[in-house]
Amino acid sequence: MDPSSQESNRNPFVTYYQASLCKLQSTNNDLLKEILQKNHLCTFFMDRSMSCLLTHSTAAGEDQYEWTDEFRKKFPLTTYEDYRAYMDRMVNEGEKNLLSGENVVYFSLSSGTTDKMKTFPLTSTTMRKVSESMQLGHHIVRRSFPPTSFSPPKQRSFVLLSSKKSDSFERSKHGIPIGPISQFMSAVPSFSQNYPLVPTDNTLGLDTIEEITDFETSVFIQLVFALANRNIYSYSVTFASGFIHTVKLIENYYEEISDCIATNSFEHSSFVQKNISDLNLILILNKKLNEVIVEHGEETYRKERVAHIRNECSKKNDPGILHRLWPTMVYACTAVGSTFAIYKDKVQFYCGERVRLMNLIMYGASEGYFGSLASVHTDEYFLLPTHAFFEFIKEEDIHQDQPKTLLISEIEPGNRYELVCTTDAGLVRYRMGDVVNCTRLLCRADNLVPLPKEPVEIPRIPLVSLAYRSGTLLSIYGERTNEQHVMNALQQTIHQWREQGIPIKFYDFTSYPNLNVSPVKYVIFLEFITDQECIIDSEQIQLLKNTANEKVEQQLCKANQNYLDSRHKAMLGPLDCILVRIGTFTRFLSEFLRMDRVSPLQVKPHRMLKTEGHFQFFCDNRIEKSLL
């Protein structure tokens with residue numbers, strides 16, 4: 001595509017590219033000075049005798065790296081434990097000016113590596129920048145497709161949302177809402193009026209979605225409204241595992257969906273009948289559904305649309321169901337990088353050849369959003385120098401407590417780095433745990449966003465992709481269950497069994513996200529061994545099989561608060577813990593080596609299975625009446 005065809009003085013990407021990305025390091029340095037000047041009198045700085053650090057303006061002619069070097073030399077790298085006590089004081093005591101001079105508008109929750117949740121304060125500045133990064137990402141996407149791809153005004157987008165009413169949120173002592181960053185719009189609706197975080201052309205409004213308390217029912221209803229619209233240009237679900245689940249819901253429940261649209265009534269939905277008792281809400285949903293049909297052409301359209309849905313959904317083995325259901329769809333959007341790469345082929349199958357599959361528009365976490373998509377073809381991002389001050393730890397140095405860091409102008413393509421951020425909300429040299437690939441430097445490549453003509457010579461702008469988040473194992477809906485969570489749950493379960501007189505020891509485990517059921521669930525395969533010269537009889541084996549699911553589920557809920565929350569919301573079903581025969585993991589590794597030709601030095605414990613074939617291998621080796 002000719003970049004000049006996309007040129008516009010009012011295009012936010014062009015403005016941001018020329019004003020900020022092209023001055024990457026100096027813009028990032030300016031942000032650091034701004035953050036320090038704003039927050040240096042806060043308690044966190046005072047407690048560390050850092051209140052006077054670098055609050056002066058850089059003198060004329062002073063080396064731009066001199067004061068950033070001073071900052072990195074005098075202020076140590078931090079982890080969440082450096083902030084936990086301050087967070088507790090802010091939430092439980094209502095104290096202010098502990099981390100930032102700005103007022104907190106929301107406390108964002110994230111799971112940690114222990115059973116303790118992480119809480120991050122978000123300020124108006126933080127959320128304004130989140131909104132800006134989202135808008136920037138949307139402009140990059142539209143810039144990357146021909147203008148004729150999008151044809152308003154009746155064209156809609158589908159973004160799967162999870163939310164609840166404002167008065168349902170947990171609150172701090174002073175009434176500040178607490179919850180996932182994805183639900184900020186519902187918790188602080190007044191902010192969203194000025195800085196929208198949800199597309200205004202979404203197929204169903206956030207105010208309606210907030211009324212639906214059961215998650216799986218909410219997903220079903222959102223899909224009904226999406227399918228009632230034939231003119232949808234995008235299909236977005238945050239996590240690839242959740243993306244797959246939405247398509248499976250369409251495939252498995254298309255008859256119910258079709259009946260709802262055909263009769264303009266949700267009385268045909270088993271989800272609605274089971275989980276919504278508010279008749280007025282059902283009437284509202286029916287009315288809104290009818291409005292969609294009227295907008296497109298009333299009864300003639302309704303009949304044609306229902307027939308089309310039934311016809312296409314009956315072709316389960318045909319690729320491209322998204323394009324077949326919505327012929328005007330331009331792209332599908334979900335997390336397909338990092339640990340979600342294992343789902344990419346399946347998601348691509350649903351997209352087919354005519355719908356562009358692309359990564360999430362923004363790169364972010366509970367701490368804030370720090371990047372925008374650089375390509376609709378790859379999983380690469382720009383890091384936004386106005387959103388956080390960035391430092392980078394070489395992958396080989398991650399194990400060190402206080403390793404040397406590099407600036408964004410110093411990282412090199414072909415290397416991995418742990419990301420370190422200093423933010424407006426008061427995190428200082430914070431080790432996020434995200435490890436990124438520096439993939440390449442920005443250029444005028446066909447698979448990157450078209451760049452403006454000016455400047456002619458492209459400055460040094462590194463692109464990154466997310467390699468992995470330290471410790472994350474299973475995360476279907478962002479619950480971020482890590483290996484230690486599962487290991488603790490299994491060890492506690494085995495301890496309980498031993499107290500019942502069953503002489504077994506932990507040997508190994510692996511896991512698999514089962515997206516073929518509703519609601520989706522974890523499957524954990526556990527192999528154990530017996531104490532030397534001990535025998536497990538058939539009665540004890542049956543006891544283990546009968547109690548494994550309940551015991552491991554109970555312990556995992558204790559280990560990971562986010563998993564417990566997802567279970568309470570019915571986003572996840574109760575896990576299955578399948579006991580496998582002694583020697584199963586050894587046979588699996590042998591089979592893996594033989595088929596995939598992997599060096600023995602490369603074989604590591606498979607904590608998450610990557611294919612349905614591997615999943616079936618473990619299912620076929622489940623314990624029946626004996627351990628062998």
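Read the figures in this text as sums done on the coordinates, not as results from a lab. Only a predicted model underlies this, so the values are computations on that prediction, with no experimental measurement involved. Neighbour counts are summed over all protein chains in view; Cβ atoms, including those assigned to glycine, are modelled from backbone coordinates with ideal geometry.
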Legend entry - Cα-based Rg of region 474-620 normalised by 2.2 N^0.38 Å, two decimals: 1.07
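Among the helices of the chain (complete DSSP H runs), which have Cα atoms covering no less than 15 Å along the helix axis and a Kyte-Doolittle mean of at least 0.0?
Correct list, ordered by number: 215-228, 240-263, 279-296.
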Inset, instruction - Calculate, axis by axis, the spread of Cα positions in region 169-263 along the three principal axes, and write the results as whole Å, longest axis first. - result: 48, 28, 24
Legend entry - Potential lengthening between residue 43 and residue 151 on full extension [0.36 nm per residue; Cα-Cα distance subtracted]: 33.7 nm
Legend entry - the chain - mean residue ellipticity at 222 nm from DSSP helices (-39,500 (n - 2.57) per run, n ≥ 4, rounded to 500): -11500 deg cm²/dmol
Inset, instruction - Could you run the Karplus curve 6.51 cos²θ - 1.76 cosθ + 1.60 with θ = phi - 60° over region 374-380 and give me ³J(HN,Hα) per residue in whole Hz, x for Gly and Pro? - result: 9, 7, 8, 10, 10, 9, 8
Legend entry - Ratio of Rg to Rh over region 255-313 (Cα coordinates, Kirkwood Rh, two decimals): 1.00
Legend entry - Dimensionless Rg/Rh of the chain - Kirkwood Rh, Rg from C-alpha atoms: 0.98
Inset, instruction - Among 492, 584, 477, pick out the residue whose Cα is farthest towards the positive end of the charge dipole of region 474-620, where Lys and Arg carry +1 and Asp and Glu carry -1 on C-beta, about the Cα centre. - result: 477
Legend entry - Beta bridges per DSSP with both ends in the chain, % antiparallel, nearest 5: 70 percent
